[in-house]
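Enquirer: Below you will find the structure I want to go over with you.
The values are calculated or read from the model by the stated rules, or taken from the named source; none is laboratory data. Note that the structure is predicted; figures quoted are calculated from it, not measured. So basically every Cβ, Gly included, is an ideal-geometry build from the backbone, and we count neighbours across all protein chains shown.
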Number of protein chains: 4
Amino acid sequence: MVRAGIVGASGYTGGELARILSLHPEVEISVATSRNYAGKKISQVYPHLAAIADIICEDLQIADLVSRADIFFTAVPHQTAMNIVPALLEAGKKVIDLSADFRIDDPEVYEEWYQPHTAREFLEEAVYGLPEINREKIAAARLVANPGCYPTSIILPLAPLLKNGLLDTETLIADSKSGTSGAGRSAQVGSLFCEVTDGFRAYKVGEHRHTPEIEQELTKLSGKKLTLSFTPHLLPVSRGILSTIYGKLARNIEQEELYELYSSFYGHEKFVRICRPGTFPATQYVRGSNYCDIGCKVDHRTGRVVLISVIDNLVKGAAGQAVQNMNIVCGFEESLGLDTVPLFP
Amino acid sequence: MVRAGIVGASGYTGGELARILSLHPEVEISVATSRNYAGKKISQVYPHLAAIADIICEDLQIADLVSRADIFFTAVPHQTAMNIVPALLEAGKKVIDLSADFRIDDPEVYEEWYQPHTAREFLEEAVYGLPEINREKIAAARLVANPGCYPTSIILPLAPLLKNGLLDTETLIADSKSGTSGAGRSAQVGSLFCEVTDGFRAYKVGEHRHTPEIEQELTKLSGKKLTLSFTPHLLPVSRGILSTIYGKLARNIEQEELYELYSSFYGHEKFVRICRPGTFPATQYVRGSNYCDIGCKVDHRTGRVVLISVIDNLVKGAAGQAVQNMNIVCGFEESLGLDTVPLFP
Amino acid sequence: MVRAGIVGASGYTGGELARILSLHPEVEISVATSRNYAGKKISQVYPHLAAIADIICEDLQIADLVSRADIFFTAVPHQTAMNIVPALLEAGKKVIDLSADFRIDDPEVYEEWYQPHTAREFLEEAVYGLPEINREKIAAARLVANPGCYPTSIILPLAPLLKNGLLDTETLIADSKSGTSGAGRSAQVGSLFCEVTDGFRAYKVGEHRHTPEIEQELTKLSGKKLTLSFTPHLLPVSRGILSTIYGKLARNIEQEELYELYSSFYGHEKFVRICRPGTFPATQYVRGSNYCDIGCKVDHRTGRVVLISVIDNLVKGAAGQAVQNMNIVCGFEESLGLDTVPLFP
Amino acid sequence: MVRAGIVGASGYTGGELARILSLHPEVEISVATSRNYAGKKISQVYPHLAAIADIICEDLQIADLVSRADIFFTAVPHQTAMNIVPALLEAGKKVIDLSADFRIDDPEVYEEWYQPHTAREFLEEAVYGLPEINREKIAAARLVANPGCYPTSIILPLAPLLKNGLLDTETLIADSKSGTSGAGRSAQVGSLFCEVTDGFRAYKVGEHRHTPEIEQELTKLSGKKLTLSFTPHLLPVSRGILSTIYGKLARNIEQEELYELYSSFYGHEKFVRICRPGTFPATQYVRGSNYCDIGCKVDHRTGRVVLISVIDNLVKGAAGQAVQNMNIVCGFEESLGLDTVPLFP
């Protein structure tokens, strides 16, 4: 059994890691940290885990933490992660970091969108943990930068077209809609039930911090420096991201050819499902699962392609992808512990 | 008192007309038709109207219908409307038609997206009922084609930029999200609570019938024949449409200038509210009201403008705008009966 | 015009008072206080009020506050109210207090369920502001204790039976379900969207502070000291309370007789609607309105009556009833400013 | 591998059986029937099952059906089940029937609440499939009558008190609230998203067909013929039932003693979790799982006990309990395939 540590167990991502890992046959959760809930059982923080995961949350110094697990999931905010991860790595541990701190290759870019970076020396070795794109590198990594939820939902659908040079890279627009769990479990007026339910809004229009992460990875895939317009919106649902992505086709392409391209690009992938022509994905069909479902449509009238992708932001967009990365890092079957069925209705 | 008839009173739009008209000081609902609920009080169809509107729904032949009101709201599906409206007009009545049948100027275009048109002779005189754009023509009309919900949410925010030639008209994309009341009150699996709640999906990608209506009106505003990409989505809310609209700027423009343009274009309009720079609208802030709230953002990184608009699809997107048109047609104060306050939370 | 002051304008009840009063033809909001949002327009606190109510929130000392209005709505938490209300009364102002501080006649009882009472001398003159029961007293009051939301939903349906001695008063049970706006707009984890949506729970079982208020008023109605079991639950809706109330019938009674009793007891009341036999109310049919809808059912199998009532907790359960009380106090038509139509769907 | 057949695969219960069985290590779904979706893959009926369960739905005559599986789940409406089950039994198959047709021992009672019974000869051997109460009988049964969702949520919490004679059996009231999936996947106006969301209502007050089933089982547990008041309500959630149950205590009992009673009664049960004193269950904490969580409270003021139970109506209230019964019938570990973790948020 691999001993896994969850740093930041009381957030929604931490709770989701506990949910997934509690069913993983090769892993035991050996330590869970939380400053706010230190001394409490995880099942007091998350009553759904009663009788399933009863580890007690602790508030630990790094020195006490490092010996308690073989691999760590750091599910803490950016800036906090960069203060913890180096010590874990230096103690010889593997780390799957779920923050943004090690996703951006260029520290200048990071600092432009976030704040000063104090662990720049680890940026180069960090591997961007999108298994469908970077599987080999992840296998060899000791630090995996787990992708952001929005980036996962945008990079996966664009990869087949960008890799094949089929898009005009100056025309990319991603209009994304996320469930409210993406805002975390912190108490703030904007996340209250009454503020969110029966409503819908855009936020951080043109300014969301996931923008440089998305552009970086799309640039790698296309081989051309590109920018994209990215607009996040807040959905009155707990879980789920749907991204609607637009781009001008570099050449004419028929619907059937497009479908074949996606089917063959992702045909061997366990966690990517391509919708048949004429059908499109819905967030409720991936709820609680590690799937990314993708639909694609050629709009001949406008010369554009429209891509629609959905993920569960807490699973493929966070904890599930982190466990998928852990499986690769540890040499397990990649889908171990992740073969749940989406919960619908 | 003007006697108003509601043809199709049992749908959500019909119920909303009853709600709004029951508070209108110059109007009485003199007749309400429904095939399915004939003989029932409107308050049995819609219990929220108990003690407010107690008219009995009838299933009438046109000949019996025409004499029963001075002005008619036809809140029936397309194709049904074209079988009713001509007789009402020929009897000298005014008609606010809430279907799509008289919105498209060119019958060829209509027939390409809908089905054969059997009342082509009325297309020319029908006035597209968007008061903020066509107020004068509406005042003189006997047949007002009340705009579609999506088109209202897209044309209003684009008008200031297109009228001023500030957009590259080959780059327009409208990504729209609608509440489920837009699907009507007919019993179908796809509209069931369990299919919609806690979920989100796109539908009719690149194929929605509102597309030619939007393109027609935008073409008039810009003076250039244009196409746009239009993707509708289904929100797990009852009411509300939010449209996120993208376009390349024809020239550089600063945020403050953009805001001034919108403020001055719509400053005198009672039902259009412009969000201050840095803030964006939310559907819950217009719930139950006739407002269209608009936010605008210049994204200098990409050279695009992003427009965000919200309406209540049943009010400004249907029944409220219809009453606004009726007020104009009848010479009433344009906001009469429509000065409700949005219901939040 | 009566000048009305809202003390505590930034909570949901304060915002609802602003919504309702902004349409009241005889009232202007002359002052609005908020500690947290001092200096901000009410439309920045509540964007739905943009272009409707643009008063600026202030953080005022009592001395500055008293002169600014003729009548005050104190929409602040219990314990805070008792520190403000006496000074307002002493300055000759009328007060509609929406807290619990002046609802309980017996200070011992108040202190048992709340905390020490520092304004006991005003308890006697305070009138319990349920107009359908206490209309005459309210008209003469200078301090109206606006009822709690749960009590309103329980006292109104029980009054006809208790006044007529038709219930065994030892068998009363009220199982109530409230929308989340009842928890207020304060940022707390338990009110977050993700904690509430798609879920349901009971809370404060047998311990809710509205219990003594309900028992006090029911005791007055029945003339017998009584206790009741009261269980509140949290609904994943913004607005609305539904109370299901059980009691043993003191004598057999037929369904039709029961319906007649309710119809005649409340037949003249504008804001109480009795559902026909076989139909029951739903919270969505009173949304945004001041109605209390009541359904009643004799269950001959068990010898019990089942009463079902619904209100909008922010309207008839708080701000709407407060304005109804203000109308009575000021001598206005009781429904002035309150004749909105429920918003459905 | 056991070959399992799902009769009625396209309803929500059928889809849930497919979800659960697709992960069961000892079962394969060998046949799935649906009249409306014959010829379609189950993943076209339920897109969340894509790449997981791809069996094709068939419309089969009984003669063709019987040979296709070893055990059958009949997930069809009452009255339909009684036409199918006898033939399956006569062919030597085991049946878990999810309808109401074999739950009521007394055919007179059945016919009073439902319609004529055409398979009375099987009533005596049918075993009421509540494993926590009837485990031994289930193990020996060839026909298991899977309990109703409401009855499961009411019988389990009452069993410890009734078995120990601690309740006055003339005072029982169950106030239950169910998610909308309980209404099934049939297209009807009352189940539309816009009719249900942001609302709450009671229905079939005092008349719900689960009443005789509940009374029958409670009577067996208590040894005394009893009636109870039962009021179902419709929650705006997909999944979940919460029942709030009231009864007079036969003797005084302290909170701690009550908690001990429940803990010891259910301590060995995998799927029943008892909430610690002062805490109560919530439907979202059992979502997607086979748990029944129970909280109990002594209210000394009124001499009543209040019990609160939650289940997922599609799992412990239907498909999950059916698989639990199948495991017992087949001699598998009782929790096989059911050890999922509730999905929260």
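Enquirer: Out of the residues in the stretch B:311-334 that are under 8 Å from the mean Cα position of the chain (by Cα) and not small (Gly, Ala, Ser), which is nearest to B:His210 (Cα to Cα)?
Expert: The qualifying residue nearest to B:His210 (Cα to Cα) is B:Asn313.
Enquirer: Answer yes or no: is there a residue in the stretch B:175-196 that is of a type in the set (A, V, I, L, M, F, W, C), out of contact with any Gly (no Cβ under 6 Å at 6 or more places or on another chain), part of a loop (DSSP other than H, G, I, E, B) and under 30 Å from C:Asp198 (Cα atoms).
Expert: Scanning the stretch B:175-196 turns up at least one residue that is of a type in the set (A, V, I, L, M, F, W, C), out of contact with any Gly (no Cβ under 6 Å at 6 or more places or on another chain), part of a loop (DSSP other than H, G, I, E, B) and under 30 Å from C:Asp198 (Cα atoms).
Enquirer: Can you tell me which residues in the stretch C:16-30 are farther than 21 Å from B:Pro345 by Cα, surrounded by fewer than 22 Cβ atoms within 10 Å (Cβ to Cβ) and touching a strand residue (DSSP E or B) at 6+ places or on another chain (Cβ under 8 Å)?
Expert: C:Glu26, C:Glu28, C:Ser30
Enquirer: Right, next: Determine, yes or no, whether D:Pro77 is touching a Lys or Arg at 6+ places or on another chain (Cβ under 8 Å) and surrounded by fewer than 23 Cβ atoms within 10 Å (Cβ to Cβ).
Expert: Spelling it out, it is not the case that D:Pro77 is touching a Lys or Arg at 6+ places or on another chain (Cβ under 8 Å) and surrounded by fewer than 23 Cβ atoms within 10 Å (Cβ to Cβ).
Enquirer: Moving on. Do you know which of the residues in the stretch A:262-275 that are among the hydroxyl-bearing types (Ser, Thr, Tyr) and in contact (Cβ under 8 Å) with a residue 24 or more places away in the chain is farthest from the other protein chains (Cβ to nearest Cβ)?
Expert: Step by step, filter the stretch A:262-275, then rank; the result is A:Tyr262.
Enquirer: Still on this structure, please answer the following. Taking the condition in contact (Cβ under 8 Å) with a residue 24 or more places away in the chain and more than 20 Å from C:Thr340 (Cα to Cα), does B:Ile6 pass?
Expert: yes
Enquirer: Any chance the stretch A:303-324 includes a residue that's out of contact with any Cys (no Cβ under 6 Å at 6 or more places or on another chain), polar (S, T, N, Q), outside the structural domain of A:Ala183 (by TED's automatic domain parsing) and modelled with pLDDT of 95 or more?
Expert: Yes, there is a match, as at least one residue in the stretch A:303-324 is out of contact with any Cys (no Cβ under 6 Å at 6 or more places or on another chain), polar (S, T, N, Q), outside the structural domain of A:Ala183 (by TED's automatic domain parsing) and modelled with pLDDT of 95 or more.
Enquirer: Also, I was wondering about something else. Does C:Pro151 count as modelled with pLDDT of 95 or more and touching an Asp or Glu at 6+ places or on another chain (Cβ under 8 Å)?
Expert: Yes; evaluated as a whole, the condition is true for this residue.
Enquirer: Here's another thing I want to ask about it. State all residues of the stretch A:186-211 that are at the interface with another protein chain (Cβ under 7 Å from one of its Cβ atoms), of a type in the set (S, T, N, Q) and surrounded by 21 or more Cβ atoms within 10 Å (Cβ to Cβ); if no residue qualifies, say none.
Expert: Passing the criteria: A:Ser191, A:Thr197.
Enquirer: Restricting the first residue to the stretch B:18-29 and requiring it to be more than 8 Å from every other protein chain (Cβ to nearest Cβ) and part of a helix (DSSP H, G or I), which pairs with a second residue that is of a type outside the set (A, V, I, L, M, F, W, C) and surrounded by fewer than 19 Cβ atoms within 10 Å (Cβ to Cβ) meet a Cβ separation below 9 Å and a spacing of at least six or different chains?
Expert: Taking only residues 6 or more apart or on different chains, the pairs are B:Leu21/B:Glu28.
Enquirer: Go over the candidates A:Ser309, A:Ser289 one by one and state the one that is more than 10 Å from chain B (Cβ to nearest Cβ) and free of Cβ contacts under 8 Å to residues at least 60 places away in the same chain.
Expert: So the residue among A:Ser309, A:Ser289 that is more than 10 Å from chain B (Cβ to nearest Cβ) and free of Cβ contacts under 8 Å to residues at least 60 places away in the same chain is A:Ser289.
Enquirer: I'd like to verify a number: residues in the stretch B:308-345 that are surrounded by fewer than 24 Cβ atoms within 10 Å (Cβ to Cβ) and more than 23 Å from B:Ile20 (Cα to Cα), how many?
Expert: 0
Enquirer: Which of (1) modelled with pLDDT of 95 or more; (2) in contact with a helix residue (DSSP H, G or I) (Cβ under 9 Å, 6 or more places away or on another chain) is the odd one out, the single condition B:Asp299 does not satisfy?
Expert: Every condition holds for B:Asp299 apart from (2).
Enquirer: Moving on. What pairs come out if I take residues in the stretch A:330-345 that are away from chain B (no Cβ under 14 Å) and pair them with residues that are at pLDDT below 95 whose C-beta lies under 7 Å away, six or more apart or interchain?
Expert: If the second residue must be at pLDDT below 95, the pairs left are A:Gly337/A:Leu23; A:Thr340/D:Thr340; A:Val341/D:Leu23.
Enquirer: Go through the stretch C:257-308 and count every residue that is of a type in the set (Gly, Ala, Ser) and in contact with a Gly (Cβ under 8 Å, 6 or more places away or on another chain).
Expert: Number satisfying all stated conditions: 3.
Enquirer: Let me ask something else. Which of the following residues is free of Cβ contacts under 8 Å to residues at least 40 places away in the same chain and either more than 14 Å from chain D (Cβ to nearest Cβ) or farther than 21 Å from C:Arg239 by Cβ (or both): C:Gly295, C:Gly278?
Expert: Unique residue meeting the criteria: C:Gly278.
Enquirer: Please go through the stretch A:30-40 and pick out each residue that is of a type in the set (A, V, I, L, M, F, W, C) and part of a loop (DSSP other than H, G, I, E, B).
Expert: Residue satisfying the conditions is A:Ala38 alone.
Enquirer: Scan the stretch C:173-185 for residues that are more than 7 Å from every other protein chain (Cβ to nearest Cβ) and free of Cβ contacts under 8 Å to residues at least 60 places away in the same chain and report the count.
Expert: 1
Enquirer: Would you point out which residue out of D:Lys224, D:Lys220, D:Lys248 is out of contact with any Phe, Trp or Tyr (no Cβ under 7 Å at 6 or more places or on another chain) and free of Cβ contacts under 8 Å to residues at least 24 places away in the same chain?
Expert: D:Lys220
Enquirer: State whether one or more residues within the stretch B:251-258 are out of contact with any helix residue (DSSP H, G or I) (no Cβ under 7 Å at 6 or more places or on another chain), at pLDDT 95 or above and within 22 Å of B:Ile214 (Cβ to Cβ).
Expert: Among the residues of the stretch B:251-258, at least one is out of contact with any helix residue (DSSP H, G or I) (no Cβ under 7 Å at 6 or more places or on another chain), at pLDDT 95 or above and within 22 Å of B:Ile214 (Cβ to Cβ), which makes the answer yes.
Enquirer: Give the number of residues within the stretch B:239-261 that are at the interface with another protein chain (Cβ under 10 Å from one of its Cβ atoms), over 14 Å from B:Gly317 (Cβ atoms) and among the charged types (D, E, K, R).
Expert: Of the residues in that region, 1 qualify.
Enquirer: Still on this structure, I have one more. If a residue must be touching a residue at least 60 places away in the same chain (Cβ under 8 Å) and of a type outside the set (S, T, N, Q), how many such residues does the stretch D:229-245 contain?
Expert: Adding up the residues that qualify gives 7.
Enquirer: Take B:Ile214 and decide whether it is within 13 Å of chain A (Cβ to nearest Cβ), crowded, with 24+ Cβ neighbours inside 10 Å and within 15 Å of the chain's Cα centre (by Cα).
Expert: yes
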